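The values are calculated or read from the model by the stated rules, or taken from the named source; none is laboratory data. Note that the coordinates shown come from a computational prediction; the quantities given were computed from them, not determined experimentally. Glycine also receives a Cβ, built like all others from the backbone with ideal geometry; neighbour counts cover every protein chain displayed.
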Amino acid sequence: MKKITLLLSFLLLFFLQNEICSQTTVLDYTFENGTLTSSSGSAGNTTVSFASVGTTMAAFNSGVGCTQEAIANGWSANDYWTTGSFNTTGFSGLTLSFIQSRFSGGPGGQFSVEYSFNNMTWVAAAPTNYTPPSNDACAPVYTATNVALPVAMENQPTVYLRWRNLNGSGAGGSRMDNILVSGTMAGGDTTDPNAVCTNITRNLDSSGNVTIMASDVDGGSTDNVGIASRSVSPSSFNCANVGTNNVTLTVTDAAGNSDTCVAVVTIADNTAPVVSNVNDITATLGADGTVVLNNNADVAPAVTATDNCGIQVISIIGIANRTFSCADIATNPNVRSIRVRDVNGNNTFVDVNVNVVDAMAPTITCVGNDTRDTDAGVCNYTIQGTEFDPTFDDNCSSATISNDLNMTATLAGEVLPLGDTTVTWTVNDGNGQTTNCMTVITVADNEVPVISAVMDITAVLGADGTVVISNNTDVADAITATDNCGVDSYFVRGNGGTSLEARTFDCDDIATNPNVRNVRVRDVNGNDAFVDVNVNVVDDTAPTIMCVGDDTRDADATACSYTVQGTEFDPTFDDNCSSATITNDFNMTATLDGAVLPLGDTTVVWTVNDGNGQTDMCTTIITVEDNAAPVVTDVQDITAVLEADGTVIVNNINDVEPAVTATDNCGIQNIRIIGVENRTFSCADIATNPNVREVRVRDENGNNTFVNVNIIVVDDIDPTITCPVDDARDADAGVCEYTVQGAEFDATFDDNCTSATITNDFNNATTLDGAVLPAGDTLITWTVDDGNGQTVNCSFTVTINDNENPVVTDVQDIIAQLDANGTVTIGNNSDVADAVTATDNCGIQSYFVRGINGGTSNEARTFTCDDIATSPNVRTVRVRDVNGNDTDVDINVIVEDNLDPIVTDVQDIIAVLGPDGTVRLDNDIDVAPAITATDNCEILDIRITGGNGMTGVENRTFDCDDIANNPHVRRVRVRDVNGNRALVDVNVIVQDNTGVIITDGPLDIFTGTGSSAGECGAIVNYGVGIAAFVLENNCGDDSSIVFEQTAGLGSGAFFPVGTTSEEFSFTDNNGNVTTYSFDVTITDTTLPVIACPGQVTVGSDDEGNYTIEDYTDLATDNCSSGTDLVITQEPAAGTVVTDPSTTEVTIIATDEAGNTTTCAFNLVVDETLGVNDEAFNNSIILYPNPTNDIINITSKNGIDTITIYDLRGRVVENQVVTETSAIVSMASLSSGVYLLQIAQGENSIVKRVIKE
């Protein structure tokens, strides 16, 4: 289908003084199947030569139309009239405008335009020489504007207009487009049409959708001039709209006047579900041999079905049809009928195969493992009856049992061997399931062996004093026993210990002979007999002894005897029994440890006795001797102190013996240095210290020890000394010093060893004769050293005096350069000393600027920027020699500043354009703050200088064009108060911070929600665009401004009741944002909605009465709820009416805004109605109601489905139950009133539930 729109416009110009308005008529044409038909009823005689005639000329000119408008038929002259009609009543001054084009070889001739009042007789409407340009692909276009039409066409109820080409032919296409008829009319049509609605019913299609046209609900709308257009909203419906829906029909006439009405569109769903596939259902039997299929878990998954609005439930009707037993296995498949129901109650029935399966294995219980004794006289056991047969069970009672021992169903009479026999039992239910269990039967032999004789056992001790008798030899040989199944072993039992311990004997057991042991006789099956046996222990091995050989020992170091150490002289002995004892004849004990042996020979005899009559003997001779010399433990040096004569003799008793520490076992006799000459020392021996001498240490038995001792000769007598007294001398003439004459300042001394020497610390000589002493005090110390470590000294002071003053020979001016801090301090020893020339006989010590007016020297030597103006600055200098003699002189100080200012930081300068788009930087306000500079004295000024052919002022002036070239580099001069200057470059950033200035814009909007709106608000169109504002921009026009909405909802949006602020931003080309806002205020003008039922028919109770229910929950409002929505009912809920009766129930709802709606319906009480539903209703228990979460529902008749509807009839929840109880969650639903439809089979009941 292709479509062309012909716009026939009657334009009114707005001249306020003449009260003229405009009207516009739009004619729609549909080109289909070769006929062009006007919506106003007229028809043209066009053929299929037109192609894509709806394409605009703009698209055609862009080249799109070339391919889109190619046609199949040729073009002939005088073909293809195209006709339209319109109303010109009241209009005058008609003109015609159009665009004519051709392409791809279409006709190039002229076009004719004609008019008619009867669509039969035609008159030329305008000149016919509309000759288009030559054929040139897609480009040729001819435009006619405001061509005058005949006056005869004015003020006519119906005027026909047609057009066609006059000549030319071709295989391409040609058309007239954008046809516009314009005129003026005084006054204008201000009468609204009369919209008339009619209610309709529509069925949903297979996809669950249906669309209506405006004409479907138009019940005869009229207008005084004529209806131009109709529209309906909403026009599309789906499954969610099943039930009644309010739609709004809008009728608009040619003058733009409109009227609306509301129609009720009932949407119905009559399409049954479509079953596309049915799978077999497997029904697995339970423990009781039956199974009941679950509609949700078993039936629904087996059926594949679709529905335009959705499947509600898939079920096998009746629990009996869903119940199966073991007997049904033989009849597989079992056919059942399934009902598929959609959410709107449409049913489809289909058969399904149910295959009954027994998947439950049988159960079996084996007899527990058990033991039996062998039968009398034999080694096996014969089973008695069913004592070891198991029990079993199965849900279908067809099972059989067998065992793997004799392959029968019983073990009765089976002979079991000695030991364990494992029997496995298996139950088979005949349906493919098997179960097994096991029983272990143990046959035991409990007869004990018989003992007929017992003999004593002799146990002979071995060399280690023990003996172990053997169970299988010694014991078995001593006992005679028999057993029905054979003896297995003989075993000596431990008495609280092990058998080995009981069979082991040692020397101690000789005293307890006979030793009784209990023997266990065991047969091959572990049966035991016990008997005692006597064991006699025998020892026939003699002991052995070995003495230590004869030996010699030195007497102990601390005694003249020898004490035996440990077992050094004890013999060794051995015996198989540990009862042997040993003694000696010296101390009659078993050891010589600690025995004290005298000097000489001692003979010791040792004897060993084993206690069983056997002995052995041996002898040892021990000789004790004293061969130990004295032991020197310490030797101390001997100090020999010289006497006053320079000699000393060491005494053996007083000096030598105390220096040597010695011990001896038998005592020290003496300690001596042999020879008096070896004990005499003099001053000469000091040099040979230490002087070594040999000392002899002798004991009482003549044993000697020799040791060296050091003799330290010591001189501890100090020498003596006498110094001259302190004295003074004048410096020698012409020099700053004094030369000592002879021994005038020498000291005298004496010592006992005549080796002493004397020196002084001035010239380190033994005399000061000829020493040159400097001016001032000289402390001289004389020291006497006797050469043996003793020294003495004495001191005195010689003072040399200098009384001559310095001589100043020249004084120069001092140039003081200020430092970076703007100060300078001249140095006494540098600047001042360099400027003053002076001499002194003893030398200049210092140059010192004296303080001024009681100030310090430092203050007098320190200058600042202020001293530049007072230069030369006079200061007095003190010249002092090294001995404190002073001379004063004046000096000039010239203060200078040669340091340029220092720039420490340069910030970019932000030059903000003014409203005129220019800015001129101020040196003091803008430039100076951007430059951080320091100077030792003071900054005078900071200026942008001229340069690059521009003056300083020009370099400081910027406009909008400079923003694009940021940053702009400018040279800045920083100058101090002394004329020193620094130059630095600075970046100037030109900015536009002036936002768009809005001088006019939209104002606040006030409107309502409408008379039939369904929401708490309204759609508002205010058509805001940038053209609606009057703007000023310092750096551009309106085209450079970015316009956007920053808050609010926007034109065409849904605005809630209340006030919403709409905010817009205007961003200029430099990023400055200006905001503008206004308010949209919506008032609630929508009436409350009452889901008003038609006639309601109910049944009475057993007494013929009916209590009126509360119907106020049928009312809702777009904005108000709770106490804000005032709802009244008359008669009130709880009013009792009798059967039969008809009562008018009136409900009035008033919302918070004062809008009121009234509903009235008849309540008919008839006891003959609703019998089945009442019975079903009486079986329903529903609680709690109201609820804020869940609803519990039970019915003794069972429940198939539960469906929840809102008050608009929309399904909000659907639940398949197929049980006798259900829990329905309403937690996710909004607060309000809902209808619950509870269905079971063909019965259903509706309950009203309040969700809090």
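Key figures for this structure:
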read-out	value
Residue in the range 507-515 that is surrounded by 16 or more Cβ atoms within 10 Å (Cβ to Cβ), acidic (Asp, Glu) and in contact with a strand residue (DSSP E or B) (Cβ under 9 Å, 6 or more places away or on another chain) present	yes
Selection count, the range 316-355, where residues are among the small types (Gly, Ala, Ser), under 29 Å from ILE1202 (Cβ atoms) and either touching a strand residue (DSSP E or B) at 6+ places or on another chain (Cβ under 6 Å) or not assigned by TED's automatic domain parsing to the domain that holds THR282 (or both)	1
Hey, THR365 within 51 Å of the chain's Cα centre (by Cα) and under 22 Å from ASP429 (Cβ atoms) or not	no
Members of the range 276-299 found to be over 18 Å from PHE349 (Cα atoms) and either at pLDDT below 90 or not small (Gly, Ala, Ser) (or both), listed by number	THR282, THR284, LEU285, GLY286, ALA287, ASP288, GLY289, THR290, VAL291, VAL292, ALA297
Test set (1) in contact (Cβ under 8 Å) with a residue 12 or more places away in the chain; (2) charged (D, E, K, R); (3) more than 23 Å from TYR1205 (Cα to Cα) - ASP1113 fails condition number	(3)
Residue among THR563, THR572 that alone is within 30 Å of VAL468 (Cα to Cα), not assigned by TED's automatic domain parsing to the domain that holds PHE491 and not charged (D, E, K, R)	THR572
Cross-chain or 6+ apart pairs with Cβ under 6 Å, the range 511-526 first and within 21 Å of THR458 (Cβ to Cβ), then acidic (Asp, Glu)	ASN515/ASP509; VAL516/ASP532; ASN518/ASP532
Lone unmet requirement of (1) crowded, with 18+ Cβ neighbours inside 10 Å; (2) more than 29 Å from CYS379 (Cα to Cα) for GLY549	(1)
Breaking point among (1) exposed (fewer than 12 other Cβ atoms within 10 Å of the Cβ); (2) free of Cβ contacts under 8 Å to residues at least 40 places away in the same chain; (3) out of contact with any strand residue (DSSP E or B) (no Cβ under 7 Å at 6 or more places or on another chain), for ALA644	(2)
In the range 1136-1165, residue surrounded by the most Cβ atoms within 10 Å (Cβ to Cβ) [restricted to those that are within 17 Å of THR1097 (Cβ to Cβ) and polar (S, T, N, Q)]	THR1143
Flag for ASP637 being modelled with pLDDT of 90 or more, under 30 Å from ASP751 (Cα atoms) and of a type in the set (Asp, Glu)	yes
Any hit, the range 857-878, residues being exposed (fewer than 15 other Cβ atoms within 10 Å of the Cβ) and in contact with a helix residue (DSSP H, G or I) (Cβ under 9 Å, 6 or more places away or on another chain)	yes
Some residue of the range 539-546 being at pLDDT 90 or above, in a loop (DSSP other than H, G, I, E, B), among the charged types (D, E, K, R) and under 30 Å from VAL605 (Cβ atoms)	no
Some residue of the range 300-315 being under 51 Å from the mean Cα position of the chain (by Cα), exposed (fewer than 15 other Cβ atoms within 10 Å of the Cβ), modelled with pLDDT of 90 or more and not β-branched (Val, Ile, Thr)	yes
The range 1174-1195: number of residues that are at pLDDT below 80, more than 24 Å from ILE314 (Cβ to Cβ) and not polar (S, T, N, Q)	2
Subset of the range 559-611 [assigned to a strand (DSSP E or B), in contact (Cβ under 8 Å) with a residue 24 or more places away in the chain and over 12 Å from CYS547 (Cβ atoms)]	TYR562, THR563, ASP574, THR581, THR583, VAL596, LEU597, GLY600, ASN609
Selection within the range 964-985 - closer than 30 Å to ASN1069 by Cα and either of a type in the set (A, V, I, L, M) or in contact with a Lys or Arg (Cβ under 9 Å, 6 or more places away or on another chain) (or both)	ALA964, VAL969, ARG970, ASP985
Segments classed as strands (runs of 3 or more DSSP E), wholly inside the range 758-841, with at least 1 members that are surrounded by 17 or more Cβ atoms within 10 Å (Cβ to Cβ) and of a type in the set (D, E, K, R)	776-785
Only listed residue being touching a residue at least 12 places away in the same chain (Cβ under 8 Å), among the small types (Gly, Ala, Ser) and either buried (at least 16 other Cβ atoms within 10 Å of the Cβ) or in the same structural domain as THR244 (by TED's automatic domain parsing) (or both), chosen from GLY1036, GLY1048	GLY1048
